[in-house]
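Asks: Sending over a structure as structure tokens; questions will come in a sec.
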Amino acid sequence: MTATTTRSSGALRPAPAPGAPRRRRRLPFSGWHLLLAPLALLFALPLVWLLLSSVMSNAEINRFPPALWPSGIHLDGYRYVLGNGMFPRWFANSLIVSATAVASNLVLGSLGGYAFARMRFASSRVLLVLMLATMAIPFQLTMIPTFLVMKRLGLIDTLGALIVPSLVTPFAVFLLRQFFLSLPRELEEAAWIDGCSRLRVLFRIVLPLSRPALSTVAVLTFLSTWNDLTWPLIAINHDTQYTLQLGLTTFQGQHHTQWAAVMAGNVITVLPVLLAFLGAQKSFIQSITSSGLKG
């Protein structure tokens, strides 16, 4: 007796024996996507609503019940924002503060993280714990001492008052320290044998291998400084030193608010943040998974 065969893709394959378990057809995507896709759409709704509201008129935004879809594309909000003479200055101020904070956190955070990861000095563990403990202190408790320090330094109402407190953060030091611990020591020891100093090993060997962690620190630092409103509201008084977030609050008055301009300004504000996160998404995930390998 010969086995029954079936023709598939031009080749003869033996038919499955009676009673044999059938092969399950696998989905072309992970089953988790069935849960994550609706959640992603749910979290994207505020962004979609922001984009739609930015092309509505003030009458449509203020209407009750609110309009779910614009009757047409109204660019009055964008004209109001871009026609404001101070808006480019606010954008440049936010960019200067965020770029400086990102660069300083990458440099100083790398130095501090490498020191805690590879160097053993007196009370290093205690200093690390104390540094991490500062992350649990709410900003409301530190803003008055920070304001007094900035006032003594003569930085109030300048961009320096926004830059100096953000030069290095405990989170940047800790994240880079965790990532450095996951790197093999043999690479550094080989460089030391060749005569490299500590700094040269850090900048020539360690940092090129730490691009995922550096990207994560850069993105998170950019997000926190770009979106910060509370501290600029305290430290800045003159409109020429406003950041973008602080400048957008001027579109809201006590009796009248340009909601179309507020929505349009928020769209312009969100775009750099969204592009930064999408550009470093893979590095962000890789860094989070790698930095927890060693404690």
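The values are calculated or read from the model by the stated rules, or taken from the named source; none is laboratory data. The structure presented is a predicted model; accordingly, all values stated were derived computationally and were not measured. We place every Cβ from the backbone using ideal geometry, glycine too, and count neighbours over all the protein chains shown. Quick note on the areas: whole protein, heavy atoms, side chains included, nothing else; ligands and nucleic acids left out. Shrake-Rupley method; radii C 1.70, N 1.55, O 1.52, S 1.80 Å.
Asks: Quick check on region 29-40. Is at least one of its residues within 30 Å of Ala261 (Cβ to Cβ) and either at pLDDT below 80 or touching a Phe, Trp or Tyr at 6+ places or on another chain (Cβ under 9 Å) (or both)?
Replies: No, region 29-40 has no match at all.
Asks: Test each condition in (1) at pLDDT below 80; (2) surrounded by 10 or more Cβ atoms within 10 Å (Cβ to Cβ) for Ala44 and report the one that comes out false.
Replies: Going through (1) at pLDDT below 80; (2) surrounded by 10 or more Cβ atoms within 10 Å (Cβ to Cβ) one by one, Ala44 breaks only (1).
Asks: If I ask for residues that are closer than 18 Å to Leu271 by Cβ and either surrounded by 16 or more Cβ atoms within 10 Å (Cβ to Cβ) or touching a Ser or Thr at 6+ places or on another chain (Cβ under 9 Å) (or both), which ones from region 77-88 would you list?
Replies: Selection gives Gly77, Tyr78, Tyr80, Val81, Asn84, Phe87.
Asks: So, one more: Which residue, of Ala115, Ala133, Ala59, is out of contact with any Cys (no Cβ under 9 Å at 6 or more places or on another chain) and under 30 Å from Thr249 (Cα atoms)?
Replies: Ala59 is the lone residue from the list that is out of contact with any Cys (no Cβ under 9 Å at 6 or more places or on another chain) and under 30 Å from Thr249 (Cα atoms).
Asks: Mind checking which helices (runs of 4 or more DSSP H) fall wholly inside region 164-278 and carry at least 3 residues that are crowded, with 19+ Cβ neighbours inside 10 Å?
Replies: 170-181, 211-226, 230-235, 244-248
Asks: Can you find a residue in region 103-123 that is at pLDDT below 90, surrounded by 13 or more Cβ atoms within 10 Å (Cβ to Cβ), over 16 Å from Ser224 (Cα atoms) and among the basic types (Lys, Arg)?
Replies: Looking for residues that are at pLDDT below 90, surrounded by 13 or more Cβ atoms within 10 Å (Cβ to Cβ), over 16 Å from Ser224 (Cα atoms) and among the basic types (Lys, Arg), one finds at least one in region 103-123, hence yes.
Asks: Quickly run through region 47-59 and pick out the residues that are touching a residue at least 12 places away in the same chain (Cβ under 8 Å) and either closer than 18 Å to Val273 by Cβ or outside any loop (DSSP other than H, G, I, E, B) (or both).
Replies: The answer is Leu47, Leu50, Leu51, Leu52, Ser53, Ser54, Asn58.
Asks: Filter region 124-138 down to residues that are open to solvent by less than 70 Å² (accessible area, probe 1.4 Å) and without any contact (Cβ under 8 Å) to a residue 12 or more places away in the chain and give me whichever is farthest from the chain's Cα centre (by Cα).
Replies: Ser124
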